[in-house]
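Structure, as C-alpha cells:
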Amino acid sequence: MSGRSRAGVILAVAAMTIGGVYGARATMPAPKPDALAEPKGTDQAGFPERLYKFVIPPDNPQTAAKVALGKALFFDPRLSVDNTVACANCHDPNKGFTDQLPTAMGVHAKFGQRNAPTILNAMFNIEQFWDGRRPTLEDQARDPILNPIEMGMPDPQTVVRKLDAIGEYRQQFNAVFGSAPNYDNLVKAIAAYERTQLAFDSPFDRFMAGDGNALTAQQQRGWAIFNGQGRCMSCHGWNPTRPLFTDDRFHNIGVSAHNAAFVPHARQALAMLAQAGGPSQIDQMAIASDLSELGRFLVTKQPHDIGAFRTMSLRNLFLTEPYFHDGSQATIWDTLDHYNKGGVQNPYLDGGIVPLGLSSQQEDDLAAFLLSLTSQPYMAEAKAEYARQFKISRTTRPQRDTAAAMGLKGSKGPGFSGPFGDIGPGQSAMRQNPASLGGD
Ligand code: HEC
Ligand code: HEC
C-alpha cells in the first residue's frame, strides 16, 4: 500500500472533522488572467536584486516560454479532478493572489482549515506553507493538485495523462523542456511563473530609498511604534537584505489557542505520523483536519512548535484580508488588538508575545504604517479596503481588551481568572514535558 492511500485510510479511521462542508455552495468559476496576472518587472523601488538571484534554482532557470506555460497552468481548472478549480481560484491576482476568504474553498465546494496566503513574493519564503512543510515553490505546487479537497486529482500520473491529451500543452512542454508533460516539469513551470510575481515599489520602499515624503507623518509614527513599543520588529523585522518583514521562523502567537485541545491533538498526530508521515499525509492533516491547529508541530514533532505558524510577510495586507492562518481576524485592527492584549494565553505561547500597552491612537498609527507596505499596482484597492476596515474599527473591536493590554489583568492584577489568566506564569513552567506527549 502506498504512503498516500494508507494515509487516506488512517485519516478516515481517525474520523476527524472535515472543515465546514457547504454542499449547497457552488465552486466559483476560475478567474481569467488579466493585467494583474502579468509577470512583474524588476524595476521596483526596494527590489532586492541579489536576493532574487539567490532564489532562482540552478535547475529551473527563468525563461519567457516557461513562464508563459506556467501561467497557463496556474489559471487552468483542468488541473483539478472536475475541471472547476485552478490555482487561481484560491490565488486570484485581483485579490492580491488570495481568495479573501477566511479559509479556502476547493473542489466540491469544500472548505479547508487554512487561509490561502498570497503568491506575491512567495519565491522569497525560506519554506512554503503556514507550517513550512515544503521547502520550495516546486515542491509546494505538487500538493494542492493532489489534495482531495483542493484540486482533488487522484495521482500525478492522471494529471500527466490529462495534460498529454491536450495538444497545446504537449507542444508547449516539448518546446520548453524537450519532452512530453511530466509532473516534475509541470511544477517547474508553475514555480517559474510564480517567481515573476514580485511586489515591492511601495511608499515604504520609496521612503527607505530616500524620499522623505513617501510616508505621511502618521505612517512615520507607526513605523517607530513598529520598531519600538509594538515589538513587531522582533519577528517582522525589516532590513535591506531581508526586506520581507519576516524572520522566516515559526511562533505560537496564540491564534489557534481559541479552540485547540493541543495535548490530545498532539498525541493523536504523533500516533498517525508514526504510521505513515509522508508529505502528502501532513498536507491532508493540515488542510482537512482539526490537527491543522498544531501548525509547525506536524512537521517537526517538537513540543515547542505546537500551535506555531510561520511569521508572515506584511506586504500588501490590505489585499489579503482576513488574517492569520485560519483567517480568524477580519481587520488589521483586530490583529493589532490581538497583539496588544498579549495574544491568547496557552502553554506554548511565544515568549515574545506580551501585553503592549498601545493606545487606540498608536494602533491607528500602526495600521496606517501597514498600508504604506502596499505595492503600487494595488494601492487604489488597498486604500478602499483600509477605509472599509477603518470604519468597522470605529464601532466593532471583538479582540480589544484594554485592561489586558495595559497589564491590569493577570496573576497580579484584579482581573485574574482561570488557569492561565491573561498573563500566565512563566512559560517554561507551563510547557508540557516532551516525554509526556509520546503516549498515554
Ligand atoms: C482550494 C484552494 C487552493 C488551491 C486550488 C491552491 N491553493 Fe495554494 N494555498 C491554499 C492554502 C489554503 C494554502 C495554505 C495551506 C497551508 O499553509 O497549510 C496555500 C498555500 C500556497 C503557497 C504557499 C505560500 C506561502 O506563503 O506559504 C503557494 C506558493 C501556493 N499555495 C501556490 C499554489 C499553486 C501553484 C496552486 C496550483 C497548483 C495552488 N496553490 C492551488 C489554497 C489553495
Ligand atoms: C513573536 C513573533 C511575532 C511578533 C512579535 C509579531 N508577529 Fe505578527 N505574526 C507572527 C506569526 C507567527 C504570524 C502568523 C500567525 C498565525 O497565523 O498563527 C503573524 C501574523 C501577522 C499578521 C497576519 C498576516 C496574514 O497574512 O494573515 C499581521 C497583520 C501581523 N502579524 C502583524 C504584526 C504586527 C503589527 C506586530 C506588532 C504589533 C506583530 N505582528 C508582532 C509573528 C509575530
*Picking from Lys412, Lys391, which residue would you name as being at pLDDT 95 or above, more than 12 Å from ligand 2 (Cβ to nearest atom) and surrounded by fewer than 12 Cβ atoms within 10 Å (Cβ to Cβ)?*
Lys391
*Complete set of residues in the stretch 317-338 that are in contact with a helix residue (DSSP H, G or I) (Cβ under 9 Å, 6 or more places away or on another chain), over 18 Å from Leu294 (Cβ atoms) and near ligand 2 (Cβ under 9 Å from one of its atoms)*: Leu317, Thr320, Glu321, Pro322, Tyr323, Gln329, Ile332, Thr335, Leu336
*Quick one: is Asp248 closer than 30 Å to Asp290 by Cβ and among the acidic types (Asp, Glu)?*
yes
*Of all residues in the stretch 358-392, count the ones that are closer than 19 Å to Gly342 by Cα and either among the polar types (S, T, N, Q) or within 16 Å of ligand 1 (Cβ to nearest atom) (or both).*
4
*Tell me, which residue of the stretch 141-159 that is buried (at least 22 other Cβ atoms within 10 Å of the Cβ) and in a helix (DSSP H, G or I) is farthest from ligand 2 (Cβ to nearest atom)?*
Val159
_Going through Lys162, Lys110 one at a time, which residue ends up being away from ligand 2 (no atom under 16 Å from the Cβ) and buried (at least 21 other Cβ atoms within 10 Å of the Cβ)?_
Lys110
*Could you give me the residue pairs with C-beta distances under 8 Å whose first residue belongs to the stretch 221-236 and is within 14 Å of Asn340 (Cβ to Cβ), whose second residue is assigned to a helix (DSSP H, G or I) and within 16 Å of ligand 1 (Cβ to nearest atom) wherever it lies, and which are 6+ apart or on separate chains?*
Phe226/His236
*Identify, by number, the condition in (1) within 16 Å of ligand 2 (Cβ to nearest atom); (2) crowded, with 24+ Cβ neighbours inside 10 Å; (3) of a type in the set (Gly, Ala, Ser) that Gly132 doesn't meet.*
(2)
*Which condition number does Ala380 fail, the rest of (1) of a type outside the set (Val, Ile, Thr); (2) more than 27 Å from Phe250 (Cβ to Cβ); (3) within 14 Å of ligand 2 (Cβ to nearest atom); (4) within 25 Å of the chain's Cα centre (by Cα) being met?*
(3)
_Verdict on Pro243 being crowded, with 19+ Cβ neighbours inside 10 Å and within 14 Å of ligand 1 (Cβ to nearest atom)_ = no
*Please report, ordered by residue number, the helices (runs of 4 or more DSSP H) entirely within the stretch 168-284 with at least 3 residues that are under 20 Å from Phe324 (Cβ atoms).*
233-236
*For the stretch 128-150, which residues satisfy the criterion of being hydrophobic (A, V, I, L, M, F, W, C) and either more than 18 Å from the chain's Cα centre (by Cα) or outside the structural domain of Gly70 (by TED's automatic domain parsing) (or both)?*
Leu146
*State all residues of the stretch 202-214 that are of a type outside the set (S, T, N, Q) and surrounded by fewer than 21 Cβ atoms within 10 Å (Cβ to Cβ); if no residue qualifies, say none.*
Arg206, Phe207, Met208, Ala209, Gly210, Asp211, Gly212, Ala214
*How do the pairs read when you match residues in the stretch 329-348 that are within 15 Å of Gly230 (Cβ to Cβ) and of a type outside the set (Lys, Arg) with residues anywhere that are assigned to a loop (DSSP other than H, G, I, E, B) and within 16 Å of ligand 1 (Cβ to nearest atom), using Cβ under 6 Å and keeping only pairs 6 or more apart or on different chains?*
Gly343/Ile253
_If I filter the stretch 288-317 down to residues being modelled with pLDDT under 90 and not in a loop (DSSP other than H, G, I, E, B), which single residue comes out as farthest from ligand 1 (Cβ to nearest atom)?_
Asp290
*Single match in Thr63, Thr98 (criterion: under 16 Å from the mean Cα position of the chain (by Cα), modelled with pLDDT of 95 or more and among the hydroxyl-bearing types (Ser, Thr, Tyr))*: Thr98
_Filter result for Arg400 (more than 23 Å from the chain's Cα centre (by Cα), assigned by TED's automatic domain parsing to the domain that holds Asn227 and either closer than 26 Å to Gln44 by Cβ or not in a helix (DSSP H, G or I) (or both))_ = yes
*In this structure, does His338 turn out to be within 16 Å of ligand 1 (Cβ to nearest atom) and outside the structural domain of Arg114 (by TED's automatic domain parsing)?*
no
_So for the stretch 69-81 (the condition being within 16 Å of ligand 2 (Cβ to nearest atom), in the same structural domain as Ser179 (by TED's automatic domain parsing) and in a loop (DSSP other than H, G, I, E, B)), does at least one residue qualify?_
no
*Selection from the stretch 103-131 of residues that are more than 8 Å from ligand 1 (Cβ to nearest atom) and closer than 27 Å to Pro243 by Cα*: Leu120, Asn121, Met123, Phe124, Ile126
*Exactly one condition in (1) within 26 Å of the chain's Cα centre (by Cα); (2) touching a residue at least 12 places away in the same chain (Cβ under 8 Å); (3) over 20 Å from Asp139 (Cα atoms) is not met by Arg195; state its number.*
(3)
*Which of the residues belonging to the stretch 82-107 are away from ligand 2 (no atom under 16 Å from the Cβ) and more than 22 Å from Leu163 (Cα to Cα)?*
Pro93, Asn94, Met105
_Per-region count, the stretch 185-230, residues among the acidic types (Asp, Glu) and closer than 30 Å to Gln157 by Cα_ = 1
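The values are calculated or read from the model by the stated rules, or taken from the named source; none is laboratory data. This structure is a prediction, so every number in the text was calculated from the model and none was measured. Note that each Cβ is placed from the backbone with ideal geometry, even for glycine, and that neighbours are counted across all protein chains shown.
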